[in-house]
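The block underneath contains the structure these notes are about, expressed in structure tokens.
The values are calculated or read from the model by the stated rules, or taken from the named source; none is laboratory data. Since this is a predicted model, take the numbers as computed values, not measurements. Ideal geometry is used to build each Cβ from the backbone, glycine not excepted, and the neighbour counts take in all protein chains shown.
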Amino acid sequence: MRHHHLALLLLSLIATSATAQKWGLGVRLGDPSGISVKKYGEGHAWEFNLGRTHLFNGHRYFNNRYAYWYDHQHFDHKEHEFIGYSASVPLGLQVHYLFQKPVKNAEGLQWYWGFGGQVRTQRVSYTYRYKVKNGPDWVVVNDASVQETNLGLDGVLGLEYKFKNAPLAMFLDGTLFMELYDQPFLFSLQGGLGVRYTF
């Protein structure tokens, strides 16, 4: 009889775990923009976002990156000027461990917070010009190729709404990213919204 109760308890735990561990698969628009995967637990979740980074930053982002790169080359130029760039598709991966809490008096709505890390990479070719000391003319450099890889930690805060009669969830979040490599302690604000199919 004791073994019978133990077996029932084990089956109950397995069933509860199977119910609690659900998945969400969908798309995300923001930073990064791409595929979003989420594994749900009891009051917690794992989240993975893979896609294109800094989609909306444009020229300003690369201008700042060029300035950082140039300063670390220790060129002995009198002056220099950023002209332009070409770049591969910038890819990023975020991994987050999340704590989820229901919002009172709002069925299906949860807020979540958590922490994790991300890696972002792309190849950039800068075009710039410079003047040497005692030289009157500009020298143009085309296609100064740089492999950019950024690695760091982040914290995330967001909202998620699960539809009652459909296997869908919508989400909105904000992330504070701190680079550890290659531009240590540079902070960036990121955000995203999207939808996932839950199963």
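The condition (being under 24 Å from Lys22 (Cβ atoms) and β-branched (Val, Ile, Thr)) is satisfied by just one residue among Val103, Val140: Val103. Residue count for region 183-199 satisfying the condition of being surrounded by 16 or more Cβ atoms within 10 Å (Cβ to Cβ) and closer than 15 Å to Leu151 by Cα: 3. Entry remark, region 147-168: residues being under 28 Å from Gln73 (Cα atoms) and either at pLDDT 95 or above or polar (S, T, N, Q) (or both) number 6 in total. If only residues of region 26-51 that are among the charged types (D, E, K, R) and buried (at least 16 other Cβ atoms within 10 Å of the Cβ) are counted, the one that is nearest to Tyr128 (Cα to Cα) is Asp31. Tyr70 meets the conditions (1) outside any strand (DSSP E or B); (2) crowded, with 17+ Cβ neighbours inside 10 Å; (3) within 22 Å of the chain's Cα centre (by Cα) in every case but one. The failed one is (3). Kindly establish whether Ser125 is over 30 Å from Gly41 (Cα atoms), among the hydroxyl-bearing types (Ser, Thr, Tyr) and surrounded by 14 or more Cβ atoms within 10 Å (Cβ to Cβ). Yes: the conditions hold for Ser125.
Here is a yes/no grid of residues against (1) at pLDDT below 95; (2) farther than 18 Å from Tyr40 by Cβ:
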position	(1), (2)
Glu107	yes, no
Trp111	no, no
Thr121	no, yes
Tyr130	no, yes
Asn134	yes, yes
Asp137	yes, yes
Asn142	yes, yes
Thr198	no, no
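Taking every residue in region 34-50 that is touching a residue at least 60 places away in the same chain (Cβ under 8 Å) and pairing it with any residue that is assigned to a loop (DSSP other than H, G, I, E, B) and buried (at least 19 other Cβ atoms within 10 Å of the Cβ), at least 6 positions away or on another chain, the pairs with Cβ-Cβ distances below 9 Å are Asn49/Pro32.
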